[in-house]
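See structure below.
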Amino acid sequence: MSLKRRDFLGIAALSSATLVTGKATASEAPAHNPDALGVLVDTAVCSGCRKCEWACNRTHELTDRPMSTFEDKTVFELHRRPDRDAFTVVNQFIAPENPEKPYAIKVQCMHCLRPACVSACIVGALEKTPEGPVIYDAWKCIGCRYCIVACPFQIPAYEYDEALAPEVKKCSFCYERVVKEGKLPACTEICPNEALTFGRRDELIDIAHSRIKNHPGMYYDHVYGEHEVGGTSWLYLTPTDFKNTELPDVGTEVGPDITEPIQHGVFKAFVPPLALYGLLGLAMHQFKGEKDKAEETE
Amino acid sequence: MSGHEIAIPMRAKFFTTGTKVLLLIALAGIATYVYRFFVGLGAVTNLDNQYPWGLWISIDVASGVALAAGGFTTAAIADIFHKDKYHVITRPALLTALLGYTFVVIGLLADLGRWYNVWHPMLPNMWQGNSALFEVGMCVMVYLTVLYIEFVPIVVERFKGRVNLPGALAGLNKLIEGLLNLADKTLVRFTSLFIIAGVVLSCLHQSSLGTLMIIAPTKVHALWGTTISPLLFLMSAIAVGFPMVIFESILASRSFKLKPEVNVLSSLARYTPFLLGAYLAFKIGDITIREIWPLVFTFDKYSTMWLIEMIFGVIVPMIILAIPKYRKKVAGLFTAASLVIAGVALNRIDAYLVAYKPLYVDHAYFPSIFEITVTAGLIATLVLVYRAIVMIFPIISVPVDEAEKIKNGTHEKINFARWK
Ligand code: SF4
Ligand code: SF4
Ligand code: SF4
């Protein structure tokens, strides 16, 4: 009888201890850099010329395809996604308000303010720089691809066909050019239509909202990326509800805000694991004592 | 050790028809495994940017870790809560965990694009405390070490004072003997410290495996994507621990023609309905609080998998084991244990693979023949190594009066058919 009760107490002790350790505490959001950079993509004026694709391809030495192959508009029939050899791609979409005139949208890494890929990476191979770009260090990477699982925009691509040293491939926001050399990102520099505006993210948000205000009927009243998954460095204006484009409806929930509090809660100064250790040690001692007593009285 | 049972190395022919089949599967698996390192992931797997994780992560790693939980749950009940009658199963459980985790790491290496960097998480300049995967990696690494340390006393018991290497290796005899003595004086004395550490480490990474997928809430189906996923992972790992020990103990008895330890196993199985019940209660509570019952009954791919998991993996075995008549029979124990194991493995496959919904998909993922071969090969190799180890080391316990006969090979061979 009493034996049974003890079994239960023991199990209860174990599970309640983990309940405590599993309890979440809020993690602080990283300090926001007011000078952080961004790009505003205005899909209402993008002509779908694909010059940005070519510039990106050349700058990052992805393939040696000539400019002419990027003028091919039949690719719009496919629905392409960024890949290991194309960090940005331009796709077409139809706005139901105006089905006659197809629009074009350039997609690439959003350079999230709270990037899930960075939070996920087991070795810190991905980093959110204070200037804005999310960059990758292949030397640290173990190739687990958890970053790809975690990304809410399905951006990082992997070099599956590399046998020896595969890398995670994605847009780097031209980190070297932008931060080190003070130039524009390659795509933004080449864009002939001012569909891409480079600048401080804070200012870009103001610009975006004033474009919406000053051009009634031209834009859907939502700056995509202002709040999505906690905000992104790249922002979009769309002529129609963004759900009609290929921008995913990711909501404003921040993935790392779910997982990081759990991690930090479990490891708060190592107290919960040590407490569990102590508790189990105590149980070990306690139950041993009781067993010895039981043996004596037998 | 309780007085009436003693652990001894098993005596049997290593190669039977069964082991020969396993050997073939193992060889095919090993060949594919080696091939993968020459040609890369793309050539052998169906993984892509839509489905970066496939069969290897969901079975070899996630299910592998869950099913190795018999090690820490048995250690907890036998060594921490001092239920001495369970000591006869601590060694098999320890070996299952040790081999289980070893093969998790071997399987993981195949999946890592840069497998030679697998040690990077140990470097302080690469520590990444925000990542649940980092915690899993560290805990698994430390726990695997702890498991090997826990195994040392068994090696000492087997070989201390008996090291006798033949021929050219004879010169090493003294050194190895010395090492065994040293281990006996140090590690073996402190085994209990390691046992507790093993339980703590297990609780940590079993739950963190449940944290991994919820970093992408919009890509995981709501039936599995919940904030209490880490708790559910831990509870199901604890629940599957004893069934795993039961399953494997019955198979070992069958294979070595021993009398199954029905008494010990069925009293161990008493706990399982409670553990499963608690898991089920949390599952149901979670679904209720999040108000997603309609998703359970849509009978699409997701709801079907969820229902199979819950009905056959949790409710049915719960009922079987709650009824003493079935719990005290080998058939009942074995059926229920198998169901729980399949249920938890299915849960891991669901959480990591089925529930994963890429935003842009142009085709579904199905594992390639190579991926399947590697997974099957790893499991077959594990079983073969297990068999070899229980024939070399004192792992499986038998009654003292039987032990001498088994050593001589003159014991009564028990037939599976006569178990009922
Ligand atoms: S879009 Fe994806 S890859 Fe880019 S920063 Fe955000 S989470 Fe990382
Ligand atoms: S694949 Fe590389 S960059 Fe991505 S999470 Fe793993 S270690 Fe980090
Ligand atoms: S270069 Fe500018 S206009 Fe041309 S496709 Fe790219 S974003 Fe659009």
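Which value, in debye to the nearest 20, describes the size of the charge dipole of segment B:1-130 about its Cα centre when Lys and Arg Cβ atoms bear +1, Asp and Glu Cβ atoms bear -1, and nothing else is charged?
Computed charge dipole of segment B:1-130: roughly 380 debye.
Percent relative contact order of segment B:148-256, based on C-alpha pairs within less than 8 angstrom and at least six residues apart?
Computed over segment B:148-256, the figure is 21 percent.
Let me have the relative contact order for chain B, percent, based on Cα pairs under 8 Å that are six or more residues apart.
RCO, chain B: 32 percent.
Would you please classify the overall shape of segment B:274-420 from the alpha carbon gyration tensor, given that a ≥ b ≥ c denote the square roots of the eigenvalues, rounded means a/c under 1.5, and beyond that prolate means a/b larger than b/c while oblate covers the rest?
Taking the square roots of the gyration eigenvalues as a ≥ b ≥ c, segment B:274-420 is oblate.
Quick one: if the Förster radius is 51 Å, what FRET efficiency do B:T17 and A:A165 give, using the C-beta to C-beta distance and rounding to 0.05?
Calculated value: 0.70.
Treat every Asp and Glu Cβ in chain A as -1 and every Lys and Arg Cβ as +1, leave all other atoms uncharged, and give the resulting dipole magnitude about the Cα centre to the nearest 20 debye.
In debye, rounded to 20, chain A gives about 420.
Per residue of B:224-234, how many C-beta atoms from partner chains lie within 10 Å of its own C-beta, taken as a mean?
Average per residue, whole number: 3.
Sort the following peptides by mean Cβ neighbour count (other Cβ atoms within 10 Å, averaged over residues), highest first: A:74-83, B:77-86, B:34-43.
The packing order, highest mean first, is B:77-86, B:34-43, A:74-83.
Return one number: the angle in degrees, 0 to 90 and rounded to the nearest 10, between the long axis of the Cα atoms of helix B:191-211 and the longest principal axis of the Cα atoms of chain B.
Roughly 20 degrees between the two axes.
Go through the cysteines of the protein assembly as shown and tell me which have no other cysteine Cβ under 4.7 Å away.
Lacking a cysteine Cβ partner under 4.7 Å: A:C46, A:C49, A:C56, A:C112, A:C121, A:C141, A:C144, A:C151, A:C174, A:C191, B:C139, B:C203.
Please order A:S233, B:S207 by the number of other Cβ within 10 Å, starting at the fewest.
Ranked by crowding around the Cβ, least crowded first: A:S233, B:S207.
Say we join alpha carbon atoms closer than 10 Å with springs in a Gaussian network model of chain B; which of B:A364, B:A76, B:A355 then has the biggest fluctuation?
Among B:A364, B:A76, B:A355, the largest GNM mean-square fluctuation belongs to B:A364.
Mind checking which aspartates and glutamates have their C-alpha under 15 Å from A:K128, skipping anything on the same chain fewer than 8 residues away?
Counting by Cα, and skipping residues close in sequence, A:K128 has these aspartates and glutamates nearby: A:D35, A:D137, A:E176.
List every DSSP H helix in chain A whose Cα atoms extend 15 Å or more along the helix's own long axis and whose mean Kyte-Doolittle hydropathy is at least 0.0.
A:2-22
Excluding same-chain residues fewer than 8 positions from B:K219, which lysines have a Cα within less than 19 Å of its Cα?
Excluding near neighbours in sequence, the set is A:K243, B:K301, B:K357.
Mind giving me the FRET efficiency for A:F76 and B:K185? R0 is 60 Å, r the Cβ-Cβ distance, nearest 0.05 is fine.
That pair, A:F76 with B:K185, gives E of 0.20.
If I fit a long axis through the Cα atoms of helix B:173-185 and take the longest principal axis of the Cα atoms of chain B, what angle between them do I get, 0 to 90°, rounded to 10?
Around 70 degrees separate the two axes.
Using the alpha-carbon atoms, what tilt in degrees (0 to 90, nearest 10) does helix B:301-310 show relative to the longest principal axis of chain B?
The answer is roughly 40 degrees.
What average count of beta carbons from other chains do you get within 10 Å of the Cβ of residues in B:29-41?
2
Using 7 Å Cα-to-Cβ label points, what is the A:K288/B:V400 separation (nm, one decimal)?
About 2.3 nm, to one decimal.
Only counting other Cβ atoms within 10 Å, I'd like B:K185, A:K128 sorted with the fewest neighbours first.
B:K185, A:K128
What is the distance in Å between the Cα centroid of segment A:274-289 and that of segment A:100-138?
For segment A:274-289 versus segment A:100-138, the Cα centre distance is 46 Å.
Can you sort B:L378, B:L321 so the residue with the fewest Cβ neighbours within 10 Å comes first?
Ranked by crowding around the Cβ, least crowded first: B:L378, B:L321.
Just want to confirm a number: the relative contact order over segment A:31-253, from Cα pairs under 8 angstrom separated by 6+ residues, in percent.
30
What number, rounded to the nearest 500 deg cm²/dmol, is the helix-based mean residue ellipticity at 222 nm of chain A, given -39500 (n - 2.57) per DSSP H run of at least four residues and division by all its residues?
Mean residue ellipticity, 222 nm, calculated: -10500 deg cm²/dmol.
Segment A:177-246 to segment B:3-27: how many Å between their Cα centroids?
Using only Cα atoms, the two centres lie 66 Å from each other.
Let me know the mean shielding of A:162-171 by other chains, meaning the per-residue number of their Cβ atoms within 10 Å of its Cβ.
Averaged over the peptide's residues, the number is 4.
If you place +1 on the Cβ of every Lys and Arg and -1 on the Cβ of every Asp and Glu, how big does the dipole about the Cα centre of the protein assembly as shown come out, in debye to the nearest 20?
Dipole of the protein assembly as shown, to the nearest 20 debye: 3180 debye.
For segment B:258-300 and segment B:91-134, what is the separation of their Cα centres, given in Å?
Each part's Cα centre sits 28 Å from the other's.
Scan around A:L37 for amide H atoms under 5 Å from its own, H built in the peptide plane at 1.01 Å from N, and keep only partners 5 or more places away or cross-chain.
A:G132, A:R201
Which lysines, if any, have their Cα less than 16 Å from the Cα of B:K329, not counting same-chain residues under 8 positions apart?
B:K259, B:K420
Rounded to the nearest 500, what is chain B's calculated 222 nm mean residue ellipticity when only DSSP H runs of at least 4 contribute -39500 (n - 2.57) each, over all residues?
-19500 deg cm²/dmol
Read-outs: derived from the displayed coordinates by stated rules, not from any lab. No experiment lies behind these values; they were computed from the predicted model shown. No Cβ is skipped: glycine too gets one built from the backbone with ideal geometry, and neighbour counts run over all protein chains shown.
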